[in-house]
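Remarks on the structure that follows.
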Amino acid sequence: MIELIEVTKQFDAIKAVDAVSIKVYPGRICGFLGPNGAGKTTSIRMLMNIIHPDSGTILFNGSVERPPAYQIGYLPEERGLYQKISIFETLQYFAHLRNVQDAHRKIKEHLQRFGLGDRHQSKVSELSKGNQQKLQFINTILHNPQYVVLDEPFSGLDPVNQLLLKEILEEMKQAGKTIIFSSHQMDQVERICDDVALIDQGRLVLAGNLDDIKKDHGNTQLQIIPENASDLEHEFFQSQASEIRSGSAYFNLIGNNKSKLIDQANKKFDLRTVRVAEPGLEEIFIHLVKGNQV
Amino acid sequence: MNFLKIAWFEYHRRIRSKWFIIGTFGMPLLILGISLVTGYFAGSGAGLETKHFGLIDETGYYGSQLSQALDLRYADREFAPLDIAVSVGEFEKLQSQFDALVIDKTLEGYFVIGADFDRKPAVRLYARNSSNFRLTEVVEAELKDILIQNRASGLNLSNETLAELFFDIDVDYYDIGAVEERESDELIADYIAPFIFMFLLFLGIFTGGQLLLRAVLEERSSRVIEVLLSTVSYNDLMGGKILGLGLLGLTQSAIYLIVGLLAGNYYGLSLITPTIGALYFVYFILGYLLYAGIYIGVGALFDSEQEAQQAIQIITFIAIIPMVLWTVVIENPNSPLVNGLSYFPLVTPFFMMIKIAVGETTLLQVILTILLMIISVYGSIRLAAKVFRTGILLYGKRITLPEIIRWIRA
């Protein structure tokens, strides 16, 4: 488990991270969410011991002692590799720094899995951008780390490799790894993460189990699309819908009004679509952040 | 232990690179080649031209004497820098004719020896420009000899007495307590060897420094730095680089010194004594570490190699001082200027290396400069560590001097 307790970091006049507390559990994927410049990367760099917090505590499995390098896999957002050495040498060097046993075999296996098996002698500079991304990811997980921190891991990957990466994330989760997944793309986080931590302007806006958050903060809405858009002018929609936009009327569901609303609408109008819309993380986030600014 | 792994990585991947091999073995070959080629041209006179002068001789005697003397002077050379065409006659009558020859560039200029030269030994030179003073010094010296000999012969002295009056002196060089005269190539070696030691030191320190700068910039611009820093500490990363690339510079120096030693032995010259060799490595290590701090600090501040190189130029400009002043140091190793500069840490290793090779320093001076260097190295590396720690992760941001000062104070 990783715990951040009241962690604060200030750069000059700007509080990049302001009293943030987050818990990340083993066997779960925790999404760090927030717009660019929210403080995600600074938080991660403090976790990685690259910069030190001004105050607050970071615990790994309850200890302030930082785990050894071989227990940590970090894929930074700003990432790259030595360009002039071969793929094999690159992985070998990092494996050596992390005291990986049987590195030769592990490197070959990973390269094979990512479809780079026949290119281990190629120089890094000869690889396409997507392949360099794969190599960086291999370098993050080759040593089978207990703590995995991935900052925007999907950027630059094609759909096939995105799928492979998701598969591997799932495997690592099953193996009980503690995983942090940072992104500003809400839909990705929604699909992959078990827990989320929303950060904005250095402050933790929201943290917890993704399903609970949706339940607590989201408005489940009923969306009705009539065949004739002109029907939306009718008094029924105008008086009862909470929002009318782009050919749809949205109704807030209060108590058990769902079937009543559908019945009424069905009798009065010719309907094309009726659906219950789950709240998106993005809406919740925008709602919370706007609330923050008021 | 990580810092040894990093050192090995930096050392190993560069020592195999073709540029290191080309640089290490190419540089001495290039220098040797240039000196051979320039030597050949200097000897053959190719690329140089004979300067043609005229001479109006109103005496009808000294002109031809001078011409003969010059022939004798340049007899054993393949190339005569000065050629004088003599016309006997009066200046007034020949003046316009000679002026025309100078104007149409047939002649550089013309000398005039007046009719009363015997009594009033003066020569006039009419020329397009006065850049040929080295050649006119030759004319002055030869005419003086001719005039003295002429006056002496007027005294009706015997040939023996004349021979006693006119002679050349050679200075022969002996080592203290030595019986045999020193050979002229030994004398050249005495002069050149200190320069070579300084030059090798210079080459080694700045090769290492430049590689260090590039290594830091590479990790910064390729963004590999952040993964590295999640794996190893700042100090391991910086220390490993300094050690690895320092060893590379040391390897290069060792190759040169061994080649120098073998070449020296072959020619029977003992250029490198154990003391000089040991002090060479002491000053190499201290000088390298001092500059390593500077190069690492600069590398951590800039995104592009171009910007970093511009910043480092100021430092290189200071370091070039010994390259410019080396003859002064060899000839005046104990002058106040040289002694003063020897305590300026950025150039201490280079000045001291020359002084040690010339044998003009004291044990106290060696100890003091080494202590001074150790203090400077400590300061340089400490400052570099602070700048490196903060600057290395600030990509794409122009860093101001007040910011740097704040980091250093923090």
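The values are calculated or read from the model by the stated rules, or taken from the named source; none is laboratory data. Please read all numbers here as calculations on a predicted model, not as lab measurements. Cβ: placed from backbone, ideal geometry, glycine included. Neighbour counts: every protein chain shown.
Conditions tested, residue by residue: (1) within 32 Å of the chain's Cα centre (by Cα); (2) farther than 23 Å from B:Lys120 by Cα; (3) in the same structural domain as B:Val112 (by TED's automatic domain parsing).
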position	(1), (2), (3)
B:Val139	yes, no, yes
B:Arg151	no, no, yes
B:Asp170	yes, yes, no
B:Tyr174	yes, yes, no
B:Gly177	yes, yes, no
B:Tyr191	yes, yes, no
B:Ile196	yes, yes, no
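Pull up the range A:131-185, narrow it to residues that are hydrophobic (A, V, I, L, M, F, W, C) and more than 25 Å from A:Arg119 (Cβ to Cβ), then point me to the one that is nearest to the chain's Cα centre (by Cα). That would be A:Phe181.
Elements of the type helices (runs of 4 or more DSSP H) sitting completely within the range B:118-227 and holding at least 1 residues that are within 14 Å of another protein chain (Cβ to nearest Cβ): these cover B:184-221.
Check the range B:300-309 and report whether any residue there is modelled with pLDDT of 90 or more and among the acidic types (Asp, Glu). No; the residues of the range B:300-309 include none that is modelled with pLDDT of 90 or more and among the acidic types (Asp, Glu). The residue that is modelled with the lowest pLDDT, counting only those in the range B:345-399 that are away from chain A (no Cβ under 14 Å) and in contact with a Lys or Arg (Cβ under 8 Å, 6 or more places away or on another chain), is B:Thr361.
The rows are residues; the columns are (1) at pLDDT 85 or above; (2) within 30 Å of B:Met353 (Cα to Cα); (3) of a type outside the set (A, V, I, L, M).
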| position | (1), (2), (3) |
| --- | --- |
| B:Leu135 | no, no, no |
| B:Ser153 | no, no, yes |
| B:Leu162 | no, no, no |
| B:Glu186 | no, yes, yes |
| B:Asp190 | no, yes, yes |
| B:Leu200 | yes, yes, no |
| B:Leu229 | yes, no, no |
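Listed here are the residues, each with its yes/no results for (1) of a type outside the set (S, T, N, Q); (2) touching a Leu at 6+ places or on another chain (Cβ under 9 Å).
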site: A:His96; (1), (2): yes, no
site: A:Arg119; (1), (2): yes, yes
site: A:Gln133; (1), (2): no, yes
site: A:Ile141; (1), (2): yes, yes
site: A:Ile179; (1), (2): yes, yes
site: A:Val196; (1), (2): yes, yes
site: A:Gly202; (1), (2): yes, no
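Residues in the range A:47-64 that are in a loop (DSSP other than H, G, I, E, B), among the aliphatic types (A, V, I, L, M) and buried (at least 16 other Cβ atoms within 10 Å of the Cβ): A:Met48, A:Ile50, A:Ile51. For residues in the range B:1-12 being farther than 19 Å from B:Ala254 by Cβ, surrounded by fewer than 18 Cβ atoms within 10 Å (Cβ to Cβ) and at pLDDT 90 or above, which is nearest to the other protein chains (Cβ to nearest Cβ)? Among those residues, the one meeting the criterion is B:Lys5. For the range A:21-36, enumerate the residues that are surrounded by fewer than 22 Cβ atoms within 10 Å (Cβ to Cβ) and either assigned to a loop (DSSP other than H, G, I, E, B) or within 12 Å of chain B (Cβ to nearest Cβ) (or both). A:Tyr25, A:Pro26, A:Gly27, A:Pro35, A:Asn36 - these are the residues of the range A:21-36 that are surrounded by fewer than 22 Cβ atoms within 10 Å (Cβ to Cβ) and either assigned to a loop (DSSP other than H, G, I, E, B) or within 12 Å of chain B (Cβ to nearest Cβ) (or both). Taking the condition in the same structural domain as A:Arg28 (by TED's automatic domain parsing) and closer than 30 Å to A:Phe32 by Cα, does A:Val289 pass? Spelling it out, it is not the case that A:Val289 is in the same structural domain as A:Arg28 (by TED's automatic domain parsing) and closer than 30 Å to A:Phe32 by Cα.
Checking each residue in the range B:109-133 for being farther than 16 Å from B:Ser64 by Cα, hydroxyl-bearing (Ser, Thr, Tyr) and modelled with pLDDT of 90 or more picks out only B:Tyr126. Working only within the range A:39-73, note down all residues that are among the hydrophobic types (A, V, I, L, M, F, W, C) and either under 22 Å from B:Val227 (Cβ atoms) or not assigned by TED's automatic domain parsing to the domain that holds A:Gln146 (or both). Answer for the range A:39-73, where residues must be among the hydrophobic types (A, V, I, L, M, F, W, C) and either under 22 Å from B:Val227 (Cβ atoms) or not assigned by TED's automatic domain parsing to the domain that holds A:Gln146 (or both): A:Ile44, A:Met46, A:Leu47, A:Met48, A:Ile50, A:Ile51, A:Ile58, A:Phe60, A:Ala69, A:Ile72.
Per-residue answers, yes or no, for (1) surrounded by fewer than 17 Cβ atoms within 10 Å (Cβ to Cβ); (2) closer than 28 Å to A:Arg191 by Cβ; (3) among the hydroxyl-bearing types (Ser, Thr, Tyr):
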{"position": "A:Lys9", "(1), (2), (3)": "no, no, no"}
{"position": "A:Ala19", "(1), (2), (3)": "yes, no, no"}
{"position": "A:Ala38", "(1), (2), (3)": "no, yes, no"}
{"position": "A:Ile44", "(1), (2), (3)": "no, yes, no"}
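Which numbered condition trips up A:Lys260, out of (1) over 19 Å from the mean Cα position of the chain (by Cα); (2) surrounded by 13 or more Cβ atoms within 10 Å (Cβ to Cβ)? In the conditions (1) over 19 Å from the mean Cα position of the chain (by Cα); (2) surrounded by 13 or more Cβ atoms within 10 Å (Cβ to Cβ), A:Lys260 misses (2) alone.
When we screen A:Asn144, A:Asn139 for residues that are part of a loop (DSSP other than H, G, I, E, B) and at pLDDT 90 or above, the only hit is A:Asn144.
The condition (being of a type in the set (S, T, N, Q), surrounded by fewer than 21 Cβ atoms within 10 Å (Cβ to Cβ), in contact with a helix residue (DSSP H, G or I) (Cβ under 9 Å, 6 or more places away or on another chain) and at the interface with chain B (Cβ under 7 Å from one of its Cβ atoms)) is satisfied by just one residue among A:Gln83, A:Gln92: A:Gln83. Among the residues of the range A:62-79, count how many are within 8 Å of chain B (Cβ to nearest Cβ) and modelled with pLDDT under 90. Selection size over the range A:62-79: 3.
You will find that of B:Ala75, B:Ala80, B:Ala115, the residue that is assigned to a loop (DSSP other than H, G, I, E, B), free of Cβ contacts under 8 Å to residues at least 60 places away in the same chain, touching a Phe, Trp or Tyr at 6+ places or on another chain (Cβ under 6 Å) and of a type outside the set (S, T, N, Q) is B:Ala80 and no other.
The single condition among (1) over 20 Å from the mean Cα position of the chain (by Cα); (2) of a type in the set (Gly, Ala, Ser); (3) within 13 Å of another protein chain (Cβ to nearest Cβ) that A:Gly115 does not meet is (3).
The single condition among (1) in contact with a Ser or Thr (Cβ under 8 Å, 6 or more places away or on another chain); (2) outside any helix (DSSP H, G or I); (3) surrounded by fewer than 18 Cβ atoms within 10 Å (Cβ to Cβ); (4) not polar (S, T, N, Q) that B:Val328 does not satisfy is (2). Put simply, of A:Thr42, A:Thr8, A:Thr57 the only residue that is within 14 Å of chain B (Cβ to nearest Cβ) and of a type in the set (Val, Ile, Thr) is A:Thr42.
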